[in-house]
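Colleague: If you scroll down you'll find the structure; I have some questions about it.
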Amino acid sequence: MRTGALALALPAGALLAIVCTPAAPAHRGRSPVAARARHHARSLPSALGVREHEYRIGLSRLSVSAGTVIVELDNEGQDAHDLRVAPVGSEQPVLSFAELRSGGRATQTVTLRRGTYRLWCSLPGHEAAGMRALLRVN
């Protein structure tokens, strides 16, 4: 495989080198580079941002990939809030965040299986007031 270099003169005598390589040949209709990228993307943890306000929960995305999920909770409301995450139909949370004061932030990592999960604030009256959301795990 041949590689080449292109040099550009930059101000103050700086030099930037860009290395060019030819594209990888297609392999049985699929690019090995694309296949590695898909595999690598599946192995990376998903990230989910959760924002709580009075009285709603906002998700940064409506679905994540099954496996390791990094959940970052931000309490952007004026009141304290907590967060519970459980599969739909179950009252047993797979993830629980302690009560956060206004402006608080917390991060936890959880492993989620495929399915639909409900997220809610378990403080008295908060879920009934609208602090609930659904997350799809593919």
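The values are calculated or read from the model by the stated rules, or taken from the named source; none is laboratory data. Every value quoted in this text rests on a predicted model; they were computed, and no experiment measured them. Glycine also receives a Cβ, built like all others from the backbone with ideal geometry; neighbour counts cover every protein chain displayed. These area figures cover heavy atoms from the full protein model, side chains too; ligands, DNA and RNA do not enter into them. Shrake-Rupley method; radii C 1.70, N 1.55, O 1.52, S 1.80 Å.
Colleague: What's the number of the only condition in (1) touching a residue at least 40 places away in the same chain (Cβ under 8 Å); (2) open to solvent by less than 80 Å² (accessible area, probe 1.4 Å) that TYR55 fails to meet?
Modeller: Single failed check for TYR55: (2).
Colleague: In addition: Using beta carbons and a limit of 9 Å, which pairs, at least six apart or on different chains, have the first residue in segment 66-78 and closer than 14 Å to ARG113 by Cα and the second one of a type in the set (D, E, K, R) and surrounded by fewer than 18 Cβ atoms within 10 Å (Cβ to Cβ)?
Modeller: ALA66/ARG113; ALA66/ARG114; GLY67/ARG42; GLY67/ARG113
Colleague: Looking only at strands (runs of 3 or more DSSP E) that fall completely inside segment 67-125, which ones have 1 or more residues that are open to solvent by 60 Å² or more (accessible area, probe 1.4 Å) and in contact with a His (Cβ under 9 Å, 6 or more places away or on another chain)?
Modeller: On the way: elements: 67-75, 81-87, 95-100, 105-112, 115-120.
So the answer is 95-100.
Colleague: Continuing with the same structure: Exactly one condition in (1) farther than 20 Å from LEU44 by Cα; (2) touching a residue at least 12 places away in the same chain (Cβ under 8 Å) is false for GLN92; which is it?
Modeller: (2)
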